[in-house]
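The values are calculated or read from the model by the stated rules, or taken from the named source; none is laboratory data. Everything numeric here is computed off the predicted structure, so don't read it as measured data. Because the Cβ atoms are built from the backbone with ideal geometry, glycine has one as well, and the counts that use them run over all protein chains shown. These accessible areas exclude ligands, DNA and RNA; they are computed on the full protein's heavy atoms, side chains included. Shrake-Rupley method; radii C 1.70, N 1.55, O 1.52, S 1.80 Å.
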Amino acid sequence: MSTDTVLMQALVYLLASVIAVPIAKRAGLGSVLGYLIAGAAIGPFALHLVGNQADVMRFAEFGVVILLFLIGLEVRPALLWSMRAAIFGLGAAQLIGIGLCIAAAAMALGLDWRHAAAIGAILAMSSTAIVLQTLDEKGLRRGAVGSAAFGVLLFQDLSVIPLLVLLPMLAVVPVVAVAGADGGLHGWWHALAVLAAVLAIVAGGRYLIGPIFRFIAATRLREIYTATALLLVIGVTALMQLVGMSPALGAFLAGVMLAENEFRRELEADIEPFRGLLLGLFFITVGASLDFGLLMRHPVLILALTLGLMAIKAVAMSGIARAFRMPWGDARTVGVALCQGGEFAFVLVGFVVGAGVLTSELGRMLNAVVAVSMVLTPLVFLLHERFGQGNAEVSTAAVPDAFDETADVIIAGFGRFGQIAGRLIAANGFRTSLLDVSVSQIELLRRFGRRIHYGDATRLDLLRAAGAEKARLLVIAIDDREKALELVETAKQYFPQLTILARAWDRRHAYELLDRGADVVERETFEGGLALGRIGLQRLGLRANQALRAANLFRRQDRRLFDELMPLRDDEDGFILASRQSQATLDQLLSAELQESVTSDRDRGWDTSSVAEEMRDAAE
Amino acid sequence: MKSFWPFGRRKRVIAKPRLAASGPSGGPVLERHNRRMLLILAHPALQRSRVNAALYAAVADMADDVTFHDLYESYADFSIDVEVEQQRLADHDLIILQFPMYWYATPALLKEWLDMVWLHGFAYGRSGTRLHGKTLLCAVTTGGEPEAYTPSGSNRFPIAEFLRPMEATAYLCGLAWAEPFIIHDTFQIDDAGIAIQAARYRKRLAELIAALPVTNSAPATATAA
Ligand SMILES: Cc1cc2nc3c(=O)[nH]c(=O)nc-3n(C[C@H](O)[C@H](O)[C@H](O)COP(=O)(O)O)c2cc1C
């Protein structure tokens, strides 16, 4: 290792990504390729700035775990059930079909059938990280393509467990398993342990996590909240590793169990940055593990093998997707997306070499092919986008219900005020996304079966998670003056398509909100006060219609005044003076109105006295 | 969205004429414009309307000559701003009242608007001459077919009889009464039929505008009533 301190390592990794990723992104290559290039550059086979990748790799794989956890958060159990066809149909067809194709190709190259079978199973895997990140960047993850690819990847994750059991049986010379990650658990015990772990995650997710987060949230300590979220993911990972299962799968399961939890949005927002960074690190390590030595020795062979592999996977996958009735454009995109080798290949290669199924020479070769195929994927995807799609349109439109639905309206603050506005809107069939910071409030509403999320709505990431990018309306009803202003500003800046309706404290706050860009403001006490005043007038003897009209007139006058004072709002003295004057005017107006209105003025339409007078005049 | 009170700047422009700052008395000052036709639409549930919505949409691009005023959108609470309405009337030469026939009469808000806005001293009476010389056109849709509006039909009287109150109002207030624009049989009319009627409506309005004398008698004034 040329640099030994953690700090120096971090410096190198961060510097490489800060330089390479923006350039790659600018050049239209996507961030994944940027990371891979950065990794290749600093790796032991190029600049040699970083050394032992195995350690970093293990750490970086945590990025994949977090990725699957976050995806799990988006998939409610019911949705998972509805995706069973994609997972077990398309997924199984992919693994078996493509595994066989690759094995056949390997046999055609002259390998023993056992080697071929092992290689087929290993190379059929695709890279969850690269596929999902790429689809995300292209905006395809939530569409039909995304669902199909995700189903396949999920099935691959599931099949790692049986593969770990089955692959050693292909050993040419039986070797006592040395690479088993299961630390001595075997056979039935192993199965039992896996079952227990899964049950623990399901039960914990359902019954334990909620109360814990509620407790933590009540302390209102941001960093502890984040720490708890990370602890949860790491805990699940550790548990899964203990029983020898895919940590990514465990994390996904935990995510699914929490998908209905009210803290989901906040969890998502808190963990998101870690996902990005660790995934980046993961891609860098893949880049860095490119064995240039081997590449130099057999450049043509490796390139040919890689391209062959990618061609087989892409073509076969397109065919399979087509057989599952996807339109051609989508089917081809799925094929191209899944055409690389996956990160599990590295694990499985190590495992089968240890188990004596493959020679270590062959293993190194496989690793190189997988790594190169990962590097090439973003490029192939670019080529596919440019030339491959032809006139077949790829459907980016979200498959209804494939993932969490989007909301029309975001209600920030579902307290006394927000509830009235929000319930009215929801009762008329619009989908609302509710955010609040009061734990007791949330609990109360949950008991009545409402989906409401914990979180501070001024946070950009949370707004985004609540669906601010697609929503049409943002109703700001939080009971914090400053935060409301902050929220208007944030929303205006990042989600210009949102119409912002805000609850205002008072006149001044209302102007401030408008200044920041709110479209509509409503002073929180105004309508209530007016309603009570109107009832008061009635009790004082006015006819109901008379009182109603008086209140309506009052409202109109007041709003007109509000508009007229608007230009003066910045000028403190002018404002006070003007509002005092207007206050006086309003008083005059009101008293005149009251004196008059008993008989005339606003009742003018029904006041026939002037007509009567005119007729008397005429008669004389 | 439109049901929110126009407290913000955006909605204001859509729903009401722009009000410039005005004196303490609050007299509204309307924007200046050269439009000579005022089209007042009164339909309490435009979202359900087939015919009136189509008519309204068919003339929407005539905004250079026509001021559009969706009454139920502006005054859903029946709280009519009398000064603004009077000024608006005064600013135009051609007044179109477009509405579906409800119980042989206008929808309630249009009647309320008449009661509140067409006041003694403004529309009629010795000094009430502000509407003199203008033209009033009623554009009416009816569920009943033409035969229903005959002596042997279910409505017994010709349609003109039901519009007598409006005709008399026009007469009293010194407006010329234009031959009403009627669409019968709205329950049966198909989309093609609606399209034909919409084109006819458009043509009729264009003719009315074209027939105006170029005297330029009352382009928008900028004073309150
Ligand atoms: C409350 C009500 C009263 C109505 N009264 C009459 C009527 O007196 N005569 C008639 O011919 N149609 C009557 N109709 C039918 C409407 O005139 C007809 O539905 C309307 O003109 C269709 O236009 P639209 O598609 O724009 O709503 C009535 C409808 C309603 C809802």
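For the range B:75-82, indicate whether the set of residues that are more than 28 Å from residue B:210 (Cβ to Cβ), away from every other protein chain (no Cβ under 14 Å) and open to solvent by 20 Å² or more (accessible area, probe 1.4 Å) is non-empty. No: the range B:75-82 contains no residue that is more than 28 Å from residue B:210 (Cβ to Cβ), away from every other protein chain (no Cβ under 14 Å) and open to solvent by 20 Å² or more (accessible area, probe 1.4 Å). Taking every residue in the range A:556-570 that is of a type in the set (Phe, Trp, Tyr) and pairing it with any residue that is surrounded by 15 or more Cβ atoms within 10 Å (Cβ to Cβ), at least 6 positions away or on another chain, the pairs with Cβ-Cβ distances below 8 Å are A:562/A:507; A:562/A:510; A:562/B:7.
Residues of the range A:106-139 that are open to solvent by 10 Å² or more (accessible area, probe 1.4 Å) and not in a helix (DSSP H, G or I): A:109, A:110, A:111, A:112, A:139. Inside the range B:169-193, residues that are in a loop (DSSP other than H, G, I, E, B) and of a type in the set (Gly, Ala, Ser) make up a count of 2. Out of A:484, A:510, A:504, one residue alone is open to solvent by less than 70 Å² (accessible area, probe 1.4 Å) and either away from chain B (no Cβ under 14 Å) or within 26 Å of residue A:223 (Cβ to Cβ) (or both). It is A:484.
Residue B:196 - would you say it is within 12 Å of the ligand (Cβ to nearest atom) and either assigned to a loop (DSSP other than H, G, I, E, B) or at pLDDT 95 or above (or both)? Answer is no for this residue.
Scan the range B:30-54 residue by residue and report those that are closer than 19 Å to residue B:189 by Cβ and in contact with a strand residue (DSSP E or B) (Cβ under 8 Å, 6 or more places away or on another chain). The answer is B:41, B:43, B:46, B:49, B:51, B:52. On the basis of being open to solvent by 50 Å² or more (accessible area, probe 1.4 Å), away from the ligand (no atom under 13 Å from the Cβ), assigned to a loop (DSSP other than H, G, I, E, B) and not aliphatic (A, V, I, L, M), does residue B:133 make the cut? Criteria met by residue B:133. Has the range B:105-128 got at least one residue that is out of contact with any strand residue (DSSP E or B) (no Cβ under 9 Å at 6 or more places or on another chain), within 16 Å of the ligand (Cβ to nearest atom) and closer than 24 Å to residue B:35 by Cβ? Looking through the range B:105-128, at least one residue is out of contact with any strand residue (DSSP E or B) (no Cβ under 9 Å at 6 or more places or on another chain), within 16 Å of the ligand (Cβ to nearest atom) and closer than 24 Å to residue B:35 by Cβ.
So that you can scan it fast, the table gives a plain yes or no per residue for (1) in contact (Cβ under 8 Å) with a residue 24 or more places away in the chain; (2) surrounded by fewer than 18 Cβ atoms within 10 Å (Cβ to Cβ); (3) away from the ligand (no atom under 14 Å from the Cβ):
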residue: B:36; (1), (2), (3): yes, no, yes
residue: B:41; (1), (2), (3): yes, no, no
residue: B:51; (1), (2), (3): yes, no, no
residue: B:60; (1), (2), (3): no, yes, yes
residue: B:64; (1), (2), (3): yes, yes, yes
residue: B:85; (1), (2), (3): yes, no, yes
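In the range B:136-147, which residues are of a type outside the set (A, V, I, L, M) and more than 12 Å from the ligand (Cβ to nearest atom)? Answer for the range B:136-147, where residues must be of a type outside the set (A, V, I, L, M) and more than 12 Å from the ligand (Cβ to nearest atom): just B:138. Considering the range A:513-528, and only residues there that are more than 9 Å from chain B (Cβ to nearest Cβ) and in a loop (DSSP other than H, G, I, E, B), the residue that is most open to solvent (accessible area, probe 1.4 Å) turns out to be A:525. With A:550, A:531 as the choices, which residue is over 17 Å from residue A:479 (Cα atoms), within 14 Å of chain B (Cβ to nearest Cβ) and touching a helix residue (DSSP H, G or I) at 6+ places or on another chain (Cβ under 7 Å)? The unique qualifying residue is A:550.
Restricting attention to the range A:210-245 and to residues that are open to solvent by less than 30 Å² (accessible area, probe 1.4 Å) and outside any helix (DSSP H, G or I), the residue that is nearest to residue A:72 (Cα to Cα) turns out to be A:245. Looking across the range A:490-501 at every residue that is more than 14 Å from chain B (Cβ to nearest Cβ) and over 16 Å from residue A:411 (Cα atoms), the one that is surrounded by the most Cβ atoms within 10 Å (Cβ to Cβ) is identified as A:494.
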